[in-house]
Amino acid sequence: MEFKREDDLFVSGHTACAGCGAAIIIRTVMRALGKDTIIVNATSCSEIFSSCYPTSAWKVPYIHVTFENAAAVATGIAKALEAKGNDHTTVVVIAGDGATYDIGFGIMSGVMERNENVLYICYDNEAYMNTGIQRSGATPYKAWTTTSQVGTVRQGKQEWKKNLTEIARAHNIPYIATSTAGHLIDLTKKVEKAKKIKGFRLINVLSPCVAGWKYPPNLTVKLAQLAVDTGLWKMYEVENGKETINMQPKFTPVEEYFKPQKRFKHLTKEDIEDIQNKVNDYWKNGKGEIYG
Amino acid sequence: MIIPHAKPGTASKNKTGSWRDQEPDINKNKCIKCGMCATHCPEGAIEITKDGAEVNYDYCKGCGICAEVCPVKAITMRKIKK
């Protein structure tokens, strides 16, 4: 197999942290999408590290918009393409979990309901990493962030992660999938499939973050794989209402996923047991809770 | 007034390789050219050529993901003395 750097549509020299999960995801997504793509990038880490003025890491048409309106701007572009009779260009939103789970959610919900012709890729690093690791709706239970501190009264975030994929599913859109930064063949296949479908498509991709999760940078890929193996992140796709689980968990103890991450270092044995029980319950009885 | 805009792909001017404190050392005899390192590199700094994996040290930030994902352990990370 030959692999050339010049084929990348997202070039080297972007200013992401060493070991950034989002950079792996964006490179993979761009290779799968090809040149006939327009990128709408919500405010996020990816916007900061890819379009540091006066440089740009993108080799395709690119627009940066605010947290709130990425889905709306993409809708406008898709409508304009439709008016021009262009039926081949893919309009893609790339946004973080802050713009997807929280701030841009209202507009995204409207766009999903109208089933606009947009491919939405959310890289979920489970907090507002760019602005200084504040908690978001995607932050998992008990995780430390700068706004969910560990003290004597409370330790980390007290709520479970918002299940965005299932909320999107309730909008009856044609294609929803999850993937991670550690399963790039799976991610490529899903992007290629989504590219061919008309209507609103959402791919929610788990993206380990060195700065916010606080682990050594070489573990990005391994942690993403552990999230699936432990059963915390569900790897599935829903095509026209039909659900397929792409990868069954190996039920690796959740502790192995938590151990390298300093955002979870305060977890007690009881906490880990509690989370493990909830995960087991989810996969056995469909109750309990998981992160994906 | 015309504000100059950033041209596509100009980020390659940023030589982010100066950030690293360790770097991959590839054993070409062991390399099976599978492409795992090149696909997983967040920087896109690795190329697979006829001779095996080739790192572009202008951009490598030294994260060590390539050494972690290599199935035949052909990559080791060496510390850089600064």
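Answer yes if at least one residue in segment B:34-53 is in contact (Cβ under 8 Å) with a residue 40 or more places away in the chain and more than 9 Å from every other protein chain (Cβ to nearest Cβ), and no otherwise. Checked segment B:34-53: no residue is in contact (Cβ under 8 Å) with a residue 40 or more places away in the chain and more than 9 Å from every other protein chain (Cβ to nearest Cβ). Residues in segment A:1-40 that are over 24 Å from B:Arg20 (Cβ atoms) and at the interface with chain B (Cβ under 8 Å from one of its Cβ atoms): 2 in all. Restricting attention to segment A:14-42 and to residues that are closer than 17 Å to B:Ala6 by Cα and crowded, with 23+ Cβ neighbours inside 10 Å, the residue that is nearest to the chain's Cα centre (by Cα) turns out to be A:Asn41. Screening B:Ala67, B:Ala11 for residues that are closer than 24 Å to A:His183 by Cα and outside any loop (DSSP other than H, G, I, E, B) leaves exactly one candidate, B:Ala67. If you go through segment A:132-174 and pick out every residue that is part of a loop (DSSP other than H, G, I, E, B) and either without any contact (Cβ under 8 Å) to a residue 24 or more places away in the chain or not hydroxyl-bearing (Ser, Thr, Tyr) (or both), you end up with 30. Picking from residues in segment A:180-215 that are among the small types (Gly, Ala, Ser) and in contact (Cβ under 8 Å) with a residue 60 or more places away in the chain, the one that is nearest to A:Gly76 (Cα to Cα) is A:Gly199. Of all the residues in segment B:14-38, those that are more than 13 Å from the chain's Cα centre (by Cα) and either aliphatic (A, V, I, L, M) or part of a helix (DSSP H, G or I) (or both) number 1. In segment A:263-292, the residues that are assigned to a helix (DSSP H, G or I) and surrounded by 12 or more Cβ atoms within 10 Å (Cβ to Cβ) reach residues that are at pLDDT 95 or above and aromatic (Phe, Trp, Tyr) with C-beta atoms within less than 6 angstrom, at least six apart or across chains, in these pairs: A:Arg263/A:Trp144; A:Arg263/A:Trp213; A:Phe264/A:Phe258.
The values are calculated or read from the model by the stated rules, or taken from the named source; none is laboratory data. If you're wondering where the values come from, they're calculated on a predicted model, not measured in any experiment. Methodologically, a virtual Cβ is constructed for each residue, glycine included, from the backbone with ideal geometry; neighbour enumeration extends over all protein chains shown.
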